[in-house]
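The values are calculated or read from the model by the stated rules, or taken from the named source; none is laboratory data. Keep in mind that this is a model prediction, so the values were computed, not measured. FYI the Cβ positions are ideal-geometry reconstructions off the backbone, even for glycines, and counts take in every protein chain you see. To get the accessible areas, we keep the full protein, side chains included, count just its heavy atoms, and leave off ligands, DNA and RNA. Shrake-Rupley method; radii C 1.70, N 1.55, O 1.52, S 1.80 Å.
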Amino acid sequence: MPTVLKVEGLKKSYGRKEALRGIDFEIQTGEIFALIGPNGAGKTTTLRIVSTLLTPSGGKVTFLGHDLKKEPEKIRENISYLPEEAGAYRNLKGRNYLKFMANFYAETREKAEEIVKRAEAIAELGSALDDKVGTYSKGMVRKLLLARALMTKPAMTILDEPTSGLDVINSLEVREIIKKFAKEGISVLLSSHNMLEIEFLSDRVALIDKGLILDAGTSQGLKDKYQAPNLEVVFRSALR
Amino acid sequence: MKKFTNLLLKEIRDLVNKQLIISLLMMMAIFYFIGVMAKTEMKKAAGTQKISVMDLDQSDLSRGLAGSLKTANFEIEWSQGKDPEAAVQAAKQGDTYLLLVIPQGFGESIVRLEPKEISTYTFLRSFSIGGIRKSEILKAVITATNAYLSNDVLKKKVPDVPPDILRSPIKSKDYVIVKDRMAEGSASAISGMVYSQSVIIPIILFMIIMYSSQMVISAIAMEKQNKTLETLLTVPIPRTAIATTKMLAAGIVGLLSAAIYMIGMKSYMGGMMGNIRANASMNAVIKQLGLTLTGNGYVLLGIALFFAILCGLAMATILGVLAEDFRSAQTLMLPLMLMILIPYLLSFFADVNSLPLPVRLLILAIPFSHPFLATPNIMLGHYSAVLYGILYMAVVFFVLVFIAARIFSTDRVLTMKLRWGKKKVVF
C-alpha cells in the first residue's frame, strides 16, 4: 500500500511548553490510524498540524509528496478535518451548508451537486437537510459534519473524537460510515478516548503521551505484546 | 475567484439576516415618523399662533399693538376681566402658550414718555422648538412696535432727521471672508447655519464606521464561538481570502445600512430644517462663500470615509481574532469605539486646530479623526489637510492589513486570545 502521510520528528512548542517532542508515523492508503492518549498528550496538536491549522516547530510532514510547510494549499485540497467540537453555520440549512462547503472543492456546478448528493447519502438526515442547522441535535450536527468531511472523497480525513457526545446508536452509525469509506480507499487519522471505538475502527494504533509516541502497532499486536486483554490495559502498561 | 465569491456570499448572507432587515426598517420608520412630526410642529410654529391678550388700557396705542400681533399671524383670544392674575389662571387652563397684559394708562404713559410696563407670560408646556419659537415671535412683535413708537416720537421731536439715524448713528455692514471669497452676512449666523446643515455628516460617519467594524469583529468571534473557524481554515482557500471576505462583506453591508440610515436621517433633518424659509437668503450667502460640499468635495469626503471604514475593518479583524466568543468581542470593541467616539464628539464641540499641540497630534494619530475633520476642511478649502489625512489612513490601513494577514496565515489566528491582557495559547 502506498504511503499517504509521513510524519518525521514532529515537534511543536507553545512558548516554553513542548506539546510534541518528536513523533514519527506513517499512514497508508485506506488505513485507519488512531492516536490514543490522555488529555494534553499531543493528539489534537498532531491532528491540527497535519490538517495545516498549526505550523510545526520542527520535523517534517509530507502528504502525497507535498511538504506541509511549503505547500499547505496542496494538502488542503486533499484532506478534510473534523475537529472535536466542530460546529456548522447555524443560520444555514443543512443542504446549503453542504453546498457551501462543496463549492470549495468542485470546479463546476455539476460536480458540486454530485458532491452534495454523496453527502446527503452519508448524512442520512432526510428532510431535516432543509431545516436550519441551528435546529439540529448534537448527533445530527455530527453526522452533517462527518458527511462534509467525507463527501469530497479526500485522500485522507482527520477525525478528532468523531463520536464525542453522541449516543450509542449515532456512534455506531458514525463508526460504520468511517469504516465504509476507509474500505473505499480513504485514509483516516483519528484520535479518541474510546478504546472500544479504537479497537473496532483502527488498523493501527499509536500510544501517545507527553508529546511522544510510546508504541504503535495493530490493536491485536499491542495486546499480545503487553499481554493485555484490551487497549486500556495496553496503554497503562505502556505508560509504566 | 469562484471560491472567493462563494465565501463572500456566505459572509453577506450571515450579516443580512432578519434582525438586521427589521432593525433597518424600524430605524427608517422611526426617522420618518420623527421627521413628519417635526415638520408638523415646525409648520404649526410658523402658522397662526394663539395668544391671550388682556387690554386694560383700551387706547389707540394698545389696539395698535394688538393689530401688530394680528399682522404677525397671531390669533388673539381676548381675556376679559380686570385682574391680570385671573387672566393668568384663565390662560393656564386653556391651550394658549402666551399671555400679554397691557396695563391701564399704557397709551398715555407712552405719550408722556414715562412708559408703563406691559407683561408677557409664556406657558412653557414643552421644550419643543415650536413652543420656544412662539415667544420669540412675540418678542419680535414688541421690538417692532417699540421701533415704530420710538420712530414716531423722534419724528415729532426732530422732524429734520430720520429717526433711524438718531437711534443708530453708527451704521455697520458685516462681511465674512472665506479664503478668496467674500459675502455680506453675520459670521455667527453663517457658522450656525453651516453647522446645522452639516451636523448630519459626523453622525453618518460615526454610524458607518461603528457599524461595519462591529459586524466584522462579531463575524470572526461567532466563527470561533460556533467552532466553524477551524473547519474553514482547512478548506482550500487562501487564509487571507477568509479575512478579506469578512472585511469586504462587512464593508458592503455597512455602506448599504448607512445609506438606509442616511435616507431616514435626511427625512428627519428635512422635517427639522425644511420649513425655515428665512434660510433662503442665508443659503445664498453660504453658497457665495463656497461653504457647501461640491461634487469634488463629496468625492473627497467619500474617499476619506472609505479609508476610515477600511481602517476600522482591519482593526476589527485583528480584535476579532483576539476574541474568544461573541461576548468578549463586544468588550474588545471598546478601544475601537473610543477611537471613533473621541473625534466624533470633538467634531461637535471643538476645533482641532485650536487644541494644544500634543492633544492635536494625538487626535490626528487616530485614523478615524480624518473623515470627521474632512467636512470643515473641504468647506474651508484646506484640501491638502484632507489629502494628508487620506494618505495617513491609507498607510495605517496597509499596516493593519499586513498584521491581519500575518495573523491569519499563522497559528495565531487560533492561539491568540486576549484575557485581561494575557496572551493565552491553546493546545
### Query
For B:VAL153 and B:ASN296 in the same chain, what is the full-extension length gain: residue separation times 0.36 nm, less their Cα-Cα distance, in nm?
45.9 nm
### Query
So how exposed is A:ASP203, as accessible area in Å² (1.4 Å probe, rounded to 10)?
70
#### Entry: Fraction of beta bridges assigned by DSSP in region B:48-171 that are antiparallel (%, nearest 5)
30
### Query
In what sequence, highest mean first, do B:96-109, B:25-38 appear when ranked by Cβ atoms within 10 angstrom?
B:96-109, B:25-38
### Net +/- balance of residues flanking B:LYS155 in space, Cβ distance below 13 Å, scoring K and R +1, D and E -1
0
### Query
Any idea of B:TYR383's accessible area? Nearest 10 Å², probe 1.4 Å.
100
### Query
Across region B:246-260, in residue order, what do the Karplus-derived ³J(HN,Hα) couplings come to in whole Hz, using 6.51 cos²θ - 1.76 cosθ + 1.60 with θ = phi - 60° and x for Gly and Pro?
5, 5, 5, 4, 5, x, 4, 5, x, 5, 4, 4, 4, 4, 5
### Message
Quick check: Cα centre of region A:130-205 to Cα centre of region A:61-93, how many Å?
### Response
15
### Task
First compute the accessible area of the protein assembly as shown with a 1.4 Å probe, then give the percent of it belonging to carbon and sulfur atoms.
60
#### Entry: Formal net charge of residues neighbouring A:ASP67 (Cβ-Cβ distance under 14 Å; K, R +1; D, E -1)
+3
### Query
Across peptide A:85-97, what mean number of C-beta atoms from other chains lies inside 10 Å of a residue's C-beta?
4
### Task
Work out which residues of region A:52-80 lose at minimum 30 square angstrom of accessible surface when the other protein chains are put back, relative to the chain isolated, with a 1.4 angstrom probe, and list them by number.
A:LEU53, A:LEU54, A:ARG76
### Query
How many times 2.2 N^0.38 Å is the alpha carbon radius of gyration of chain A?
1.01
### Message
Give me the inter-chain shielding for B:223-232: mean count of other chain Cβ atoms within 10 Å, whole number please.
### Response
6
### Task
Within region A:15-38, find all residues whose amide N lies under 16 Å from a label point positioned 7 Å from the Cα of A:LYS6 along Cα-to-beta-carbon.
A:23-29
## Note on the structure
Once B:VAL399 and B:TYR195 are pulled to full extension, the length gained, defined as 0.36 nm per residue separation minus their Cα-Cα distance, is 70.0 nm
### Task
Kindly state, to the nearest 0.05, the FRET efficiency for A:HIS193 paired with A:ASP215, given R0 = 25 Å and r defined as their beta-carbon distance.
0.90
### Summary
Regression test value, accessible area per residue of the protein assembly as shown, probe 1.4 Å, units Å², expected 50
#### Entry: Spacing of the two label points (7 Å from each Cα toward its C-beta) at B:PHE33 and B:SER384, in nm
5.1
### Query
If you plug each phi of region A:41-46 into the Karplus form 6.51 cos²θ - 1.76 cosθ + 1.60 with θ = phi - 60°, what whole-Hz ³J(HN,Hα) values come out, in order, with x for Gly and Pro?
6, x, 4, 5, 4, 4
### Query
Between B:SER135, B:SER119, B:SER198, which gets the highest mean-square fluctuation from a Gaussian network model of chain B, Cα cutoff 10 Å?
B:SER119
### Query
What is the distance, in nm, between label points placed 7 Å from the Cα along the Cα-to-Cβ direction at B:GLN89 and at B:LEU345?
5.0
## Note on the structure
Interface A-B: total buried accessible area (1.4 Å probe, Å², nearest 100) of 2900
### Task
Would you mind getting me the FRET efficiency between A:LYS153 and B:ARG125? Use the beta-carbon distance for r and R0 = 60 Å, nearest 0.05.
0.20
### Query
Just A:PRO154, A:PRO162, A:PRO72 to compare: in a GNM of chain A, with alpha carbon springs under 10 Å, which one fluctuates most?
A:PRO72
### Task
Report the relative contact order of chain A, percent, no decimals, based on alpha-carbon pairs under 8 angstrom and at least 6 residues apart.
27
### Query
B:LYS417's amide H: which non-local residues (gap 5+, or another chain) put their own amide H closer than 5 Å, with H modeled 1.01 Å from N in plane and none for Pro or chain starts?
B:LYS424
### Task
Once you have the Cα-Cα distance between A:VAL233 and A:THR135, take 0.36 nm times their residue separation minus that, and quote the gain in nm to one decimal.
31.2 nm
### Task
Summarise the partner chain shielding of B:408-417 as one whole number: the mean count of Cβ atoms from other chains within 10 Å of each residue's Cβ.
2
### Query
When the helices in chain B are scored as -39500 (n - 2.57) per DSSP H run of 4 or longer and the sum is shared across all residues, what 222 nm value do you end up with, to the nearest 500 deg cm²/dmol?
-23000 deg cm²/dmol
### Message
I'd like the per residue volume of the convex hull spanned by the Cα atoms of chain B, given in cubic angstrom.
### Response
201
### Message
Show me, for region A:133-138, the HN-Hα J-couplings you get by feeding each phi into the Karplus relation (A = 6.51, B = -1.76, C = 1.60, θ = phi - 60°), rounded to Hz, glycine and proline as x.
### Response
4, x, 8, 7, 7, 4
#### Entry: Antiparallel bridges, percent of DSSP beta bridges restricted to the protein assembly as shown (to nearest 5)
55
### Query
Across 20 Å bins from the origin, how do the percents of Cα pairs in the protein assembly as shown run, short distances first?
15, 33, 23, 16, 10, 4, 0
### Query
Highest GNM mean-square fluctuation, chain B, Cα pairs closer than 10 Å: which of B:ILE203, B:ILE170, B:ILE286?
B:ILE170
### Query
Looking at chain A, what % of its DSSP beta bridges pair antiparallel, to the nearest 5?
55
